[in-house]
Amino acid sequence: MSTPVEPIQVLLVEDDPGDELMTREAFEDNKIRNALHVVRDGEEALDFLYRVNQYVDAPRPDLILLDLNLPKYDGRQVLERIKSDEELAHIPVVVLTTSSAEEDILRSYRLHANAYVTKPVDLDQFIAAVRQIDDFFVSVVKLPKSS
């Protein structure tokens, strides 16, 4: 008998409305009803994580899906801030980006990204990739409790 899986809080940091829509679709079609919160630039991501400005009541995410190419603060800067903060460093960060550049991959892992996924161009493949990330972090990986 399997243990029921608790929904998790997912923060998507994505400035492309099309990629946001496809990610929402992947979550909505998936069997687990995880809460998906969306911010559109690096500054909003940090506000959400530090619960300031319009995000004072934001939940602590259990998983972060982070694009690299963002306005204001780019994803690399956001990743560095997350992983250097004792209160946030435990949150898994999956870099989900169009870049397949070796330099971006290496730098992301050096900044302690938990995974690096290149966004597929094909809609069905993109949705499948997001579902696999979601399934992995909900069903396979044991996450720490949110605070």
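The values are calculated or read from the model by the stated rules, or taken from the named source; none is laboratory data. What you see is a predicted model; the values in this text were computed from it and never measured. Using ideal geometry, Cβ is built from the backbone for each residue, glycine included, and neighbour counts are taken over all protein chains shown. For accessibility, only protein heavy atoms count, side chains too; no ligands or nucleic acids. Shrake-Rupley method; radii C 1.70, N 1.55, O 1.52, S 1.80 Å.
Of all residues in segment 136-147, those being assigned to a helix (DSSP H, G or I) and either surrounded by fewer than 15 Cβ atoms within 10 Å (Cβ to Cβ) or at pLDDT 85 or above (or both) number 3. Reported count of residues in segment 11-22, each being out of contact with any Phe, Trp or Tyr (no Cβ under 8 Å at 6 or more places or on another chain) and surrounded by 15 or more Cβ atoms within 10 Å (Cβ to Cβ), is 6. Any residue that is closer than 23 Å to ASP19 by Cα, of a type in the set (Val, Ile, Thr), open to solvent by less than 80 Å² (accessible area, probe 1.4 Å) and within 15 Å of the chain's Cα centre (by Cα) - is there at least one of those in segment 98-116? No, that holds for no residue.
So if I check each of ASP124, ASP57, which one is out of contact with any helix residue (DSSP H, G or I) (no Cβ under 8 Å at 6 or more places or on another chain), free of Cβ contacts under 8 Å to residues at least 12 places away in the same chain and under 14 Å from GLN9 (Cα atoms)? Just one listed residue meets the conditions, ASP57.
In the set (1) crowded, with 16+ Cβ neighbours inside 10 Å; (2) touching an Asp or Glu at 6+ places or on another chain (Cβ under 9 Å); (3) closer than 25 Å to PHE27 by Cα, the condition left unmet by PRO71 is number (1).
Is there a residue being among the acidic types (Asp, Glu) and within 15 Å of LEU11 (Cα to Cα) anywhere in segment 92-113? Within segment 92-113 (the criterion being among the acidic types (Asp, Glu) and within 15 Å of LEU11 (Cα to Cα)), the answer is no, since none of the residues qualifies. Is one or more of the residues making up segment 101-123 modelled with pLDDT under 85, in a helix (DSSP H, G or I) and touching a Pro at 6+ places or on another chain (Cβ under 9 Å)? No, that holds for no residue.
Of all residues in segment 108-121, exactly one satisfies the criterion of being in contact (Cβ under 8 Å) with a residue 40 or more places away in the chain and in contact with a Ser or Thr (Cβ under 7 Å, 6 or more places away or on another chain), namely LYS119. When LEU106, LEU65, LEU96 are checked against the criterion of being of a type outside the set (Asp, Glu) and touching a Lys or Arg at 6+ places or on another chain (Cβ under 8 Å), LEU96 stands alone in meeting it.
Applying a threshold of 7 Å to beta carbon distances and a minimum spacing of six or more residues, or different chains, the list of pairs starting in segment 79-107 at a residue that is of a type in the set (D, E, K, R) and ending at one that is crowded, with 18+ Cβ neighbours inside 10 Å and assigned to a loop (DSSP other than H, G, I, E, B) reads GLU80/LEU111; LYS83/LEU111; ASP104/LEU68.
Just need a number here: residues in segment 82-97 that are of a type outside the set (Asp, Glu) and farther than 22 Å from ASP16 by Cα. The qualifying residues number 6.
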